[in-house]
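Engineer: The structure under discussion is supplied below as structure tokens; questions concerning it will follow.
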Amino acid sequence: MTTTDKIAALTHFITEPFAVYQDRIRVYQSSKMESVLTDKATADILSTASLTHIALISSYKTYLFVVSASTKDTTYTLLIHSDIPVEEDEKTIAEITTEEQFQHLQKTCSIAASILSCNDALPVKSVTFKKTENTKRQQPTQLRTALPDMVSEQLDFTDNYELEKIFFKQLKSGNYVAIQNILKNILKVNTSKLAEDDLTSKKYRLICFIALLTREAIKDGCPATIAYRLSDRLIRQIDKIQEVHDIRPFLNNVVTDFSLLIKSHQYRYKSVIVNNAIEFIYRNLYHDFNNEDIATDVSVNAAYLSSLFKRETSHSLKKFIHQARINESKYLLANTDLSLKEIAEQLHFSNQSHFCKIFKQETNYSPKEYRILFT
């Protein structure tokens, strides 16, 4: 994929002013960035760029997001100028990261980095369909299932099911360039009305789409409880949409959220035993169990399971179980009024003190601090 393709893809979903540098040479700059960057300031900013994290710079009265991505032979740096104001009484990073606008830009940077580091274009494949008498509309003899030109408007997609299969495949691989183009064509295909009101019709389609994404996330290894929670949260947000033009930005956020969810919970290891053990752990977070119980469920010796699990995942079973239960406790802290003692009991920590100790080790926050920051 060429630099031009990558920039074209970025312009489709980054709504804020931004600039792209290739090996420290500017190759793209949106018009509104001209008043923001000077040569000297840019040199200083580029020096903060990292491949491992997003640099947040408080200058120009607002925050600037800086992230780098690399391919085999080049390094890209992306600068996004946000309109998040830098207040006189400057907020801490912990306070900023809880804001919805910041979280949106954080996701945008993550997707952009994936696009910039992408080397491969999609292959081309043709699929032939037979016409049937019951088909109301004429089907094409061939369906182009690839996007060699990432900004092409000439694509002729009319088979929704095939599009969805391709979309889910690219979603799992993290190919955001392809995702955006496929999504655009899915929207073209899905034009039949589900309600008299256009906005309501589009909301219904969004709900159906979220349901499909939820199923795919679970099939790909995401714990069902986590996938359904994301689904419920997004569906509640749909109810707040008041204008048709807000549908597409929201859809982009839906895709981003599920892509990050799938990426963060892909635990399909080579060993079927390890995968089954992980599924057992997530199914039983609210039950008391030990290594022997897991080993019995997957039909192996406990010592062998512990050794295999450590070799495959780089984590001990104990460590993995703690992380899974702490992640579950984060949800309970942010979304329920359960006391720390009740959460510790429900997730089978030995006591409240033990729960607080493990939580601090895993998150760098105490449970009370987490509840205040993220509720």
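Engineer: Can you tell me the convex hull volume per residue for region 289-375, based on C-alpha atoms, in Å³ to the nearest whole number? Could you put the intermediate results ahead of the total?
Structural biologist: Working: hull volume 8.6 nm³, N = 87.
So the per-residue Cα hull volume is 99 Å³.
Engineer: Accessible area per residue for region 234-365 in Å², computed with a 1.4 Å probe and the full protein assembly in place, what is it?
Structural biologist: Working: 7150 Å² over 132 residues.
Per residue, region 234-365 has an accessible area of 54 Å².
Engineer: Given a Förster distance of 25 Å, report the FRET efficiency between residue 296 and residue 275 from their Cβ-Cβ distance, rounded to the nearest 0.05. It would help to have the intermediate numbers written out before the result.
Structural biologist: Working: r = 17 Å, r/R0 = 0.66.
Calculated transfer efficiency: 0.90.
Engineer: List, in order, the whole-Hz ³J(HN,Hα) value for each residue of region 271-286 obtained from phi through the Karplus relation with A = 6.51, B = -1.76, C = 1.60 and θ = phi - 60°; use x for Gly and Pro.
Structural biologist: Coupling constants for region 271-286: 7, 5, 4, 5, 4, 5, 5, 5, 4, 4, 4, 5, 6, 10, 4, 9 Hz.
Engineer: Can you pull the percent of Cα pairs in region 201-330 with separation above 17 Å?
Structural biologist: Details: 5167 of 8385 pairs.
When all Cα pairs of region 201-330 are counted, 62 percent exceed 17 Å.
Engineer: Can you pull the semi-axes for region 194-242, root of five times each eigenvalue of the Cα gyration tensor, sorted largest first, whole Å?
Structural biologist: Each semi-axis is the square root of five times an eigenvalue, giving 24, 12, 5 Å.
Engineer: Further, regarding this structure: Determine, from the Cβ-Cβ distance of residue 374 and residue 348 and an R0 of 25 Å, the FRET efficiency 1/(1 + (r/R0)^6), rounded to the nearest 0.05. Provide the component values of the computation, followed by the final result.
Structural biologist: Values: r = 23 Å, r/R0 = 0.92.
Rounded to the nearest 0.05, the efficiency is 0.65.
Engineer: I'm checking a number: the convex hull volume of the Cα atoms of region 216-285, normalised per residue, in Å³. What is it?
Structural biologist: 76
The values are calculated or read from the model by the stated rules, or taken from the named source; none is laboratory data. Model, not experiment: these values are computed from the prediction. FYI the Cβ positions are ideal-geometry reconstructions off the backbone, even for glycines, and counts take in every protein chain you see. Calculation scope for accessible area: heavy atoms of the full protein, side chains included, ligands and nucleic acids excluded. Shrake-Rupley method; radii C 1.70, N 1.55, O 1.52, S 1.80 Å.
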